[in-house]
1. Scan segment 198-239 for residues that are of a type in the set (A, V, I, L, M, F, W, C) and over 15 Å from the mean Cα position of the chain (by Cα) and jot them down.
2. Give me a count of the residues in segment 221-279 that are open to solvent by 30 Å² or more (accessible area, probe 1.4 Å), among the hydrophobic types (A, V, I, L, M, F, W, C) and assigned to a strand (DSSP E or B).
3. Restricting to segment 181-197, give me the number of residues that are touching a residue at least 60 places away in the same chain (Cβ under 8 Å) and open to solvent by 50 Å² or more (accessible area, probe 1.4 Å).
4. Just to be sure before I move on: is Leu156 buried (at least 23 other Cβ atoms within 10 Å of the Cβ) and at pLDDT 90 or above in the structure I sent?
5. Quick check on Gly208: is it modelled with pLDDT under 90 and either among the β-branched types (Val, Ile, Thr) or open to solvent by 20 Å² or more (accessible area, probe 1.4 Å) (or both)?
6. Tell me yes or no: at least one residue of segment 198-205 is touching a residue at least 40 places away in the same chain (Cβ under 8 Å) and in a helix (DSSP H, G or I).
7. Give all pairs with beta carbons closer than 8 Å in which a residue from segment 125-140 that is open to solvent by 30 Å² or more (accessible area, probe 1.4 Å) meets a residue that is assigned to a strand (DSSP E or B) and at pLDDT 85 or above; count only pairs at least 6 apart in sequence or on separate chains.
Amino acid sequence: MRRANVAPADPGLAELAPDQRVRRLELTVTRRLNGLLHGQYRGLLPGPGSEPAGSREYRPGEDEVRRMDWAVTARTGVPHVRQIDADRELTTWLLVDGSASMEFGTAELDKRELAVAAVAAVGFLTAGIGNRLGAQVLRADGVRRFPARSGRTHLLTLLRTLLAAPRPTAPVDRPGWRPPDLADGLDALHRIANRRGLVVVVSDFLDGLPDDPGQPAPWERTLRRLAVRHQVLAIEVTDPRELELPDVGLITLMDPETGRRREVCTSDRRLRERYAEAAAAQRDQIHHSLRRSGATHLPLRTDGDWSADIVRHVHAQRRLATAPVAPARGGVA
């Protein structure tokens, strides 16, 4: 009988002390994201700010009417909006999913380590004079809160805490206790993120997904409310074994949130196909929920090059923000 057994993704990294792991992570981030960390600061995602930067044509469905540049619109006869650089004093709020479902990995990193790497990238990319970073970490035993502060020391303390956090071995057995879910974390973030800024959610977004794909996820409504006021970046963390099963015979699958176990024979080709179809439908459901909420979606995989994915995403967002829009056919010249 073969049973599923997920070993540490990087034994060498796992054996290092938290301070050493943070240092290695910092070197990796600063080396791989060097091109984005230097030059004029324009934010992790181009968006609302306070510094005028010209005008461009209005994009229906993407631009806010309150940013309309009426002077240019009247002069050209074509709707234009004001372009503005991101605020130089940026407050970034992180919501990091540290629940049991993130304690899984079959590649170079597990999902929690990939989440910490994403937090490090966001932290260094948004670092700057006057910029502040705050975080809330969802864990099985409650929520760990980090007030918004500036400085490299604050970021390194956050990363060190995330790496040193004990891994849950079993669901918390406490009468009447319900571990906080993603919707709870977003609600709490909505209450404290008063100043317009950047909100980054790092999760697998599996929390509370309804069986009916047509029903919204329980966290979608609050995420949409956050996106009205803030730039919202949703970083989705996945592992390849969550998308398809290998043919390895009999294995035991366990729900990390509840501890329930089930034996499955992966030699059944039809079962593997159904699993892959269900996993694809689930990811498609998450994608549509994030899109409806107005969040920018950045998927990262434990078997992928996460730093390259982040670089491509940031460059794509900046090109999108500055790309000219072709006049609509039949419009006013």
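The values are calculated or read from the model by the stated rules, or taken from the named source; none is laboratory data. From a predicted model like this one, the values you see are computed outputs, not experimental measurements. As a convention, Cβ positions derive from the backbone with ideal geometry for all residues, glycine included, and neighbour counts pool all protein chains shown. With ligands, DNA and RNA removed, areas are computed over all heavy atoms of the protein, side chains included. Shrake-Rupley method; radii C 1.70, N 1.55, O 1.52, S 1.80 Å.
1. Leu209, Ala217, Val228, listed by residue number.
2. Qualifying residue count, segment 221-279: 4.
3. 3
4. No.
5. Values: modelled with pLDDT under 90: yes; either among the β-branched types (Val, Ile, Thr) or open to solvent by 20 Å² or more (accessible area, probe 1.4 Å) (or both): yes.
Yes: the conditions hold for Gly208.
6. At the first step, the residues of segment 198-205 found to be touching a residue at least 40 places away in the same chain (Cβ under 8 Å) are 198-205.
Then drop every residue that is not in a helix (DSSP H, G or I), which leaves none.
The answer is no; no qualifying residue exists.
7. If the second residue must be assigned to a strand (DSSP E or B) and at pLDDT 85 or above, the pairs left are Ala127/Leu133; Arg132/Thr91; Arg132/Thr92; Arg132/Ala148; Arg132/Arg149.
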